[in-house]
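Single-structure report; data block below.
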Amino acid sequence: MTPHVTHVMAGAAHGGAETFFATLTAALQQDGLNQSMVIRDHPHRVAALRAAGCRVDTMPFGGWLDRATPILLRQHLRAHQAAVVLAWMNRAAAKLPSGPWARAARLGGYYDLKYYRGFDHLIAIIPGIRRHILDGGWPERRVHLIPNFCDVDEAAAPAARADHDTPDDAPLLLALGRLHRVKGLDVLLTALADLPGVYLWIAGEGPERAALESLANHLGVNERARFLGWRSDRTALMRAADVVVFPSRYEPNGTVTVEAWAHHKPLVVADADGPAETVRAGDDALLVPRDDAPALAAAIRRVLDSPDLAAQLVGRGAERVAAAFSRARVVAHYRETLDRIARRR
């Protein structure tokens with residue numbers, strides 16, 4: 001019998017890590033991993049995981065007064081005879097009880113390592129996070145590097161521009177992410193003011209939505225900026241766009257870079273830590289300084305005005321996906337790593 005792996009996620013209803021959690025666990029299920037999931041009761045996520053054939057339990061994952069979740073987790077792990085438990089983010093790690101199972105965690109950011117005391121293994125998604133873990137005193141043999149991948153819905157048609165009052169012949173930018181100050185979407189809206197005739201779709205939700213809509217009105221770009229809310233049809237959005245823009249001030253990983261490459265879209269990205277470490281500036285993406293709206297506008301204009309440059313960025317990005325960020329390669333790496341952790345335990 002193959003070792004059982006339980007994934008534990010206490011994330012929000014929407015978010016980048018939450019999206020990749022569903023993507024990876026569904027891919028591992030399809031690949032035949034013996035696994036189960038314990039998550040918060042977000043109905044859309046529960047339904048999607050169960051539709052993919054996954055075994056899912058829900059638990060509260062409350063604050064420090066929540067004594068029920070660790071007890072329920074222990075019962076789940078014993079019932080499934082879990083060999084490895086993979087925690088996603090701090091709250092899940094904090095609730096995870098010790099036992100005969102190996103405790104591992106996937107770190108998608110520069111998290112406080114205090115949440116992972118007593119854990120057996122940590123998985124970093126970029127080299128910088130791996131260095132952060134090693135600098136925290138972890139031995140190399142217990143720290144693993146596995147990047148994210150992007151699923152492409154091969155059957156998806158481009159999203160209809162008419163549905164978002166966008167002309168078919170207008171240059172269209174796409175930004176994906178939570179509507180939070182760290183994502184730099186205010187910088188992108190400011191850059192849009194210097195790009196007449198260019199339209200922008202922002203797919204995401206978050207606390208800054210009202211402020212961003214107000215800024216768009218103030219800048220006079222509200223007629224060309226569309227706030228789409230949280231979307232799960234990322235392939236359809238990518239296929240409708242001409243350029244993907246990733247303007248984050250702070251970004252520990254940068255999965256949007258891989259998504260743009262996988263969907264054969266030219267990428268313009270700000271030099272936040274994760275994207276700056278991932279892209280090869282001028283080769284597979286144009287890299288601009290954070291918080292620099294004129295530089296961002298100029299880079300976008302370069303891509304829109306040069307089909308040859310756009311084609312080069314797309315081609316190099318596709319090569320990067322094939323070499324390091326494909327679904328098959330990442331799933332195989334997770335399978336090998338989880339199996340090795342189980343055997344060591």
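Within segment 235-345, which helices (runs of 4 or more DSSP H) (wholly inside it) include 1 or more residues that are under 30 Å from Trp101 (Cα atoms), of a type in the set (Asp, Glu) and not assigned by TED's automatic domain parsing to the domain that holds Leu188?
Correct list: 327-344.
Which residues, counting only those in segment 221-234, are touching an Asp or Glu at 6+ places or on another chain (Cβ under 8 Å) and part of a strand (DSSP E or B)?
If the condition is that a residue be touching an Asp or Glu at 6+ places or on another chain (Cβ under 8 Å) and part of a strand (DSSP E or B), then Arg226, Phe227, Gly229 are the ones that fit.
Hey, can you tell me all the residues within segment 235-253 that are surrounded by fewer than 24 Cβ atoms within 10 Å (Cβ to Cβ) and of a type outside the set (A, V, I, L, M, F, W, C)?
Thr235, Arg239, Asp242, Arg249, Tyr250, Pro252
Would a scan of segment 291-300 turn up a residue that is aliphatic (A, V, I, L, M), surrounded by fewer than 16 Cβ atoms within 10 Å (Cβ to Cβ) and at pLDDT 95 or above?
No: zero hits.
Could you grab the pairs with beta carbons closer than 6 Å, sequence gap of 6+ or different chains, first residue in segment 23-36 and under 21 Å from Arg78 (Cα atoms) and outside any helix (DSSP H, G or I), second one among the β-branched types (Val, Ile, Thr) and modelled with pLDDT of 95 or more?
Gln35/Val5; Ser36/Thr6
Given the structure, is Leu174 under 18 Å from the mean Cα position of the chain (by Cα), in the same structural domain as Ala236 (by TED's automatic domain parsing) and modelled with pLDDT of 95 or more?
yes
Name, by its number, the condition in (1) in contact with a Pro (Cβ under 9 Å, 6 or more places away or on another chain); (2) surrounded by fewer than 16 Cβ atoms within 10 Å (Cβ to Cβ) that does not hold for Leu73.
Single failed check for Leu73: (2).
Quick one: is Ser214 of a type in the set (Ser, Thr, Tyr) and assigned to a helix (DSSP H, G or I)?
Values: of a type in the set (Ser, Thr, Tyr): yes; assigned to a helix (DSSP H, G or I): yes.
Taking the combined requirement at face value, the residue satisfies it.
Gly15 - would you say it is surrounded by fewer than 20 Cβ atoms within 10 Å (Cβ to Cβ) and either among the basic types (Lys, Arg) or outside the structural domain of Arg231 (by TED's automatic domain parsing) (or both)?
It is true that Gly15 is surrounded by fewer than 20 Cβ atoms within 10 Å (Cβ to Cβ) and either among the basic types (Lys, Arg) or outside the structural domain of Arg231 (by TED's automatic domain parsing) (or both).
Identify all residues within segment 81-108 that are surrounded by fewer than 20 Cβ atoms within 10 Å (Cβ to Cβ) and touching a helix residue (DSSP H, G or I) at 6+ places or on another chain (Cβ under 8 Å); write none if there are none. It would help to see each step written out before you state the result.
Of all residues in segment 81-108, those surrounded by fewer than 20 Cβ atoms within 10 Å (Cβ to Cβ) come to 81, 90, 94, 97-100.
Answer for segment 81-108, where residues must be surrounded by fewer than 20 Cβ atoms within 10 Å (Cβ to Cβ) and touching a helix residue (DSSP H, G or I) at 6+ places or on another chain (Cβ under 8 Å): Asn90, Ala94, Pro97, Gly99.
Tally the residues that are crowded, with 18+ Cβ neighbours inside 10 Å and under 30 Å from Ala104 (Cα atoms), restricting the search to segment 148-177.
Total meeting the criteria: 5.
Could we say that Arg234 is basic (Lys, Arg), over 27 Å from Ile133 (Cβ atoms) and at pLDDT below 95 here?
So Arg234 fits the description; yes.
The values are calculated or read from the model by the stated rules, or taken from the named source; none is laboratory data. Note that the structure is predicted; figures quoted are calculated from it, not measured. Glycine also receives a Cβ, built like all others from the backbone with ideal geometry; neighbour counts cover every protein chain displayed.
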